[in-house]
1. Could you list which residues have their amide H under 5 Å from that of Tyr176, counting only those 5 or more apart in sequence or on another chain, with H placed in the peptide plane?
2. Find the Rg to Rh ratio for the range 292-343, where Rh is the Kirkwood radius over alpha-carbon pairs and Rg uses the same atoms.
3. Keeping every protein chain present and rolling a 1.4 Å probe, give me the accessible area per residue for the range 368-471 in Å².
4. Test of understanding: what is the full-extension gain from Arg437 to Thr482, defined as 0.36 nm times their sequence separation minus their Cα-Cα distance?
5. I want the local charge near Pro414. Using Cβ-Cβ distances under 11 Å, sum +1 for each Lys or Arg and -1 for each Asp or Glu among the other residues.
6. Put one equal scatterer on each alpha carbon of the range 426-510, apply the Debye formula with no solvent term, and list log10 I(q)/I(0) at q = 0.25 1/Å to two decimals.
7. For the range 251-346, with all protein chains present and a 1.4 Å probe, just round the carbon and sulfur fraction of the accessible area to a whole percent.
8. Fully extended, how many nm does the chain gain between Ser149 and Ser163 (0.36 nm per residue separation, minus their Cα-Cα distance)?
Amino acid sequence: MLIKPFHPSITKTKNLSPFVYSHFRLTVHFTIPSYTMFGGNGGTKKRHRVGSNSRISSTAALIDSSRPEGTLTEVSHKPLPSSSSIRRSNSRHSLPTLAPSVSNGFNDPTTADVILRLYLDQSSPFDSDDSETQLAVDSSSEFQIYLHSTVLRRSKYFSALLSDRWKKDSTEIDYYRFNLAVPSSAGSINNHVTVLQLLYNNEISSAIDTASTALELLPVALELLFEDCVTACVRYLEAVPWTEEEERSVLSFIPLLREEESSELLARVSPPKSDLSEEMLHGLILTAIHNHPNMAFAKAFVAKLLRDFSSRESARRVLDKSFETSLKVVRESLEEYSSPDFRGGHNEAEAIQRLNLHTAMTNGRHLLWLIERMIELRAADTAVKEWSEQALFTANLQRAFRDDAWRNIVPGLPSVVLRCTCKLANAVAAGVILASRQVRMKLVKDWLPVLIVCKDNMTPMLTNHKSLYLELEETFLKIISTLPMSEAQELLQQCLSFSTRNVEDCPHLVSAFTTWFRRANRQLQGDHYQLS
């Protein structure tokens, strides 16, 4: 006779996904005293009834198909078989080797009142389909273990199976037979046996010494609702590093854990807010350019992080924010230097002026590094627009560079500022940054006077400065050639300072004026220009 009870307390014990239950079957056999059965000839026979009872699932009871309904199996009241009678098949699965049984301990047949038969289930829908990793398994593979109901009750799952609601008369049951089907994946039986052994162990944590071990035991502990083992596995995983593959496994188990169990694991892998990556990148940039003792190495490392960052838009926002911060510091320092507003003695005033220039110089270098990163990532659109709207800043620079005080304090300041301008202007002229006509015009209009002042006040002109000035001259002239003729006319007149004693030494200037005059002399005939 087939018994199919349903114990609702199982599903209330722990809120688990159907995944936990659906990939193994458990058949329960109670050995019950004999009853009288009438045969077809009117005679009577003494039989023992073995009722087949399915394991309670969160979705449905699954019946072991090897025991058809109504099957009667003859069972005698005799001692449980010895541990040496454990059956193994010729399966390629490696079945565990159990330690010698201890009295009243794990796998002790003389005192056990539960026989648990583990067998491999090929029909599990969660087995791998990869032919290279799928093991050929004999469906008759099995492993028999002798256990104690008092110990099994540490597992809420077994506790529910052994509860009085599952028995007709608890005083009449000699022992229980449970059939437990486990997935046919490698190591599955070993993991189940290990968890069953841990039911006899009060020091579960001592058996978990690697993250892979914890990840192998955790699904079994979840299946059997062995809370102490689940807690030990989760606690170990929370405290140790993971490989990338182990992290994927942890993420797959998190939905099966209670909120209080998964909170520490989630804190490691789930950002508390959506912009945490941007916050981290911004902090790394600030540390690299301001606080790190090996600034060059730190900058190189952060530059690689920016190049490899998955979201280009996030990197753009972080760089824009850092650019605005550094530009503000440079701008305010030059403003205080050019328009001092303080009271005190001469020495104090000079110290403050030195501090302002050093601050501008230091942050100018940071600004140059940021601009290089932005151009590298093709994310300098905002920077170009911002740089073209610095009329007050460029005016302060011109006043500062006409004064000789800065020469002995920060002689490289003009070079740093003009390199920033040259980088951005080159990106615009090369089409790396597609700036609007207004931005292109203002970029040249505001920064051309700074270039002219630097050239006029650099005596003698250093070789590296000379090449920088020449590069910026050529770049400005290229940008001017993209502007309407009226705007180009105004700006080209300011470029006469690019001329040299020998006209042959300034071909870029000759070419720019030649182009402008060629366009100016082109006559409009009807709806078309006459090409000359």
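1. Counting only residues 5 or more places away or on other chains, the set is Val114, Ile115.
2. Numbers: Rg = 16.0 Å, Rh = 13.5 Å.
Ratio of gyration radius to Kirkwood radius: 1.19.
3. Each residue of the range 368-471 exposes 42 Å² on average to a 1.4 Å probe.
4. Contour length minus the Cα-Cα distance gives 15.4 nm.
5. Working: positive: Arg407, Arg419, Lys455; negative: none.
So the surrounding residues net to +3.
6. Cα-only, vacuum Debye calculation for the range 426-510: -1.37.
7. Working: 3200 of 5970 Å².
With neighbouring chains kept in place, the figure for the range 251-346 is 54 percent.
8. 4.0 nm
The values are calculated or read from the model by the stated rules, or taken from the named source; none is laboratory data. Every value quoted in this text rests on a predicted model; they were computed, and no experiment measured them. All Cβ positions, glycine included, derive from the backbone under ideal geometry; neighbour counts span all protein chains shown. Accessible surface is based on the protein model in full, side chains and every heavy atom, while ligands, DNA and RNA are left aside. Shrake-Rupley method; radii C 1.70, N 1.55, O 1.52, S 1.80 Å.
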